[in-house]
Amino acid sequence: MRASLSTLVAVLLLAGCPATPITDDDAALSDASGGEADAGTFEDVGLVADAPRTMGGLCDGASGRTLDVLFVGNSQIDFWNMARLVSSLSESAPPGCPRIVGTRRTRGGANLRDLWESAGLDDEIATGDHDVIVITESIDLADMRPPFPALFVDYGTRIVDASRAAGSRPIFYATGYIERADRFGFAEMADPQIALGEELDVEVATGGLAWLRAWGRDPSLDLYHSDRGHPGFVGSYLSALVIWATLMDASPIGLTNSPATDCTDGPCTPISASLAAELQRDADAEWRSRRAR
């Protein structure tokens, strides 16, 4: 199954199917009651009939497929279990979208060198068991203190090369940063990953930049955990939407507002249908901005 799915990914990406314009009406999720959805289905959030809108990606296939995704990183994706969160989002997608089986190899505070040299990441990737490897660098990248950014370029390249050698598709995930009034750290996290992604022809899921979009719409929106150094549940939900869109090459508009995930880092605060609609539009805009390049 892995080989055929990898081939499907390559064919679909090379096809370059043109985007179908999405109007505001198409993108809107109805919230007539103003209440919160109780379950993770399209009907719960008043889904428009044809969302998520695909753009020649994996959601154009037959039902019943799965995508094995390994999430590599540190506490930025351990909080709220990003692997499970994205997997749960995939369960709410249309039948033509693969269901994601997400696993993680993480260590708190670890950068890519730590994961490669001390956490067995090289051996894990070499198994060839994963369709996709989502690669998350530590937030040290934003500060650019030596040995960054050279350390990221070195080990990011090693992981990309190893992933491709094993038949897996690598994706960089640019997370957010610690809370600062000037919003420093978000572009600083993303820009080196975008640059390396362009050099290596690797997609980048810019979750942190989606946070900036959300704040541009609502500066008071709290996306942080109470420690102000990790994402809160809402922030992780927004980032997960961007990751899902990048994985599927499809709009996240219409996915569930009630994903299941680990809530051990605090309460999984219910996300209303109206807030989910706004966050999904933010994620959609960020994914499209990256895809257009």
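List Ser63, Ser75 from most exposed to least, where exposure is judged by having the fewest other Cβ atoms within 10 Å.
Values: Ser63 10, Ser75 21.
With the fewest neighbours first, Ser63, Ser75 line up as Ser63, Ser75.
Which length gain, in nm to one decimal place, applies between Ala181 and Asp161 when the Cα-Cα distance is subtracted from 0.36 nm times their residue separation?
Details: separation 20, 0.36 × 20 = 7.20 nm, distance 3.75 nm.
Contour length minus the Cα-Cα distance gives 3.4 nm.
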The simple spin-label model distance between Ala260 and Thr127, using points 7 Å out along Cα→Cβ, in nm, is 2.3 nm
Over all directions, the average projected area of the alpha-carbon convex hull for the range 54-291 comes to how many nm²? 11.6 nm²
Calculated FRET value between Thr66 and Leu212, using beta carbons and R₀ = 41 Å, to 0.05: 0.80
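Note the full-extension length gain between Val101 and Arg293 as 0.36 nm times their separation in residues minus their Cα-Cα distance, in nm to one decimal. Write down the numbers at each step before the final one.
Working: separation 192, 0.36 × 192 = 69.12 nm, distance 2.85 nm.
Residue separation times 0.36 nm, minus the Cα-Cα distance, leaves 66.3 nm.
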Ordered by residue, what ³J(HN,Hα) values in Hz, to whole numbers, does the range 190-195 give under the Karplus form 6.51 cos²θ - 1.76 cosθ + 1.60, where θ = phi - 60° and Gly and Pro are x? 7, 4, x, 6, 4, 4
If you place +1 on the Cβ of every Lys and Arg, -1 on the Cβ of every Asp and Glu, and leave all else neutral, what size is the dipole of the range 54-291 about its Cα centre, to the nearest 20 Debye? 440 debye
Rounded to whole Hz and in sequence order, give me ³J(HN,Hα) for the range 244-258 from the Karplus expression 6.51 cos²θ - 1.76 cosθ + 1.60, θ = phi - 60°, writing x for Gly and Pro. 4, 4, 5, 4, 8, 6, 8, 5, x, 5, x, 6, 4, 9, 10
Sorted peptide list for 251-261, 267-277, 217-227, criterion being average Cβ within 10 angstrom, highest first: 251-261, 267-277, 217-227
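Rounded to the nearest 0.05, what FRET efficiency do Ala119 and Ser272 have when you use their Cβ-Cβ distance and R0 = 30 Å? Don't skip to the end; give the middle numbers.
Values: r = 38 Å, r/R0 = 1.26.
Computed FRET efficiency for Ala119 and Ser272 comes out at 0.20.
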Tell me, what ³J(HN,Hα) does each residue in the range 283-289 have, in order and in whole Hz, if you take phi through Karplus 6.51 cos²θ - 1.76 cosθ + 1.60 with θ = phi - 60° and put x for Gly and Pro? 5, 4, 5, 5, 4, 5, 5
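Bear in mind that the values in this text are calculations on the coordinates, not laboratory data. Model, not experiment: these values are computed from the prediction. Every residue, glycine as well, gets a Cβ built from its backbone with ideal geometry; the counts of neighbours run over all protein chains shown.
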